[in-house]
1. Averaging sequence separations of C-alpha pairs under 8 Å and six or more residues apart, then dividing by the length of the chain, give the relative contact order as a whole percent.
2. With each run of n ≥ 4 DSSP H residues scored as -39500 (n - 2.57), what mean residue ellipticity at 222 nm is computed for the chain after dividing by its residue count and rounding to the nearest 500 deg cm²/dmol?
3. Compute the distance in nm between two label points, each set 7 Å from the Cα along the Cα-to-Cβ direction, one at residue 97 and one at residue 16.
4. Distance in nm between label sites at residue 104 and residue 183, each 7 Å beyond Cα in the beta-carbon direction?
5. In what sequence do 141, 11, 53 fall when counting other Cβ within 10 Å, fewest first?
6. Taking the highest mean first, how do the peptides 167-177, 185-195, 121-131 order by number of other beta carbon atoms within 10 angstrom per residue?
7. Over the Cα atoms of segment 8-245, how large are the radius of gyration and the largest Cα-Cα distance (Dmax), in Å?
8. Suppose the chain between residue 195 and residue 219 were pulled fully straight at 0.36 nm per residue; how much longer would it get relative to their current alpha carbon spacing?
Ligand code: G3P
Ligand code: MG
């Protein structure tokens, strides 16, 4: 099957133009021309899948301390004001609030499994189980991609459901990655853009694995990454989509 994803992916929904991992961010990303979005998902203490990057609430919400608390409490928090007044009272979304947005807009969603501490396997499993219900088993098209830095999380996803594509996230290259993508039947890699050399990209392609990179924002860097053969770039730069659609 040919590579199914768009060349550009909006990081955390709307890059640097909206409060990360909120529905408002996805809406902004779509407005800017993005058709694929990355987000970070974790489990609440009562096992609801919600969007948040950090293990703690402090940086991006009105809460404090650990993010491993009950959904009822998470649901009261303001995840927009830290970014700007315009987004005041923007809530933390459940993953189930984002999926309809993706499907209605014929878009793609890269769910990065970002487990709370010691919840790797379980979070991976729950993400795959949750998304499975929205996938047509008779269609080659899957709007979802699961990725993680955590091999345990990817193993959980793999054990729950093999039909949702998986990708291994790597900040630094390690030779054991070949074995990991093979054992977990990952479709590709999501690499730190700084390590995505032409040579490494070619090696990944040789074993039929795609290469996405994160998080490249500079126009020249992005052009060089595509020159190196990278398949998609995850970016915070919301101007890139219109730039690339104008080139095509
Ligand atoms: O999924 C790509 C990228 O989001 C990984 O890094 O820290 O932004 O979640 P981070
Ligand atoms: Mg992420």
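1. On the way: 520 pairs, mean separation 45.0, N = 248.
Contact order relative to length: 18 percent.
2. On the way: 9 runs with 79 residues, N = 248.
That calculation yields -9000 deg cm²/dmol at 222 nm.
3. Result for the modelled spin labels: 2.6 nm.
4. Between residue 104 and residue 183, the simple spin-label model gives 4.2 nm.
5. Values: 141 10, 11 29, 53 16.
Ordered from fewest to most neighbouring Cβ atoms within 10 Å, 141, 11, 53 come out as 141, 53, 11.
6. Values: 167-177: 14.5, 185-195: 19.6, 121-131: 22.5.
Highest mean packing first, the order is 121-131, 185-195, 167-177.
7. Gyration radius and largest Cα-Cα distance of segment 8-245: 17.0, 48 Å.
8. On the way: separation 24, 0.36 × 24 = 8.64 nm, distance 1.73 nm.
Full-extension gain reported as 6.9 nm.
Values in this text are rule-based calculations from the coordinates and carry no lab data. Given the structure is predicted, the values throughout are model-derived calculations rather than measurements. Glycine also receives a Cβ, built like all others from the backbone with ideal geometry; neighbour counts cover every protein chain displayed.
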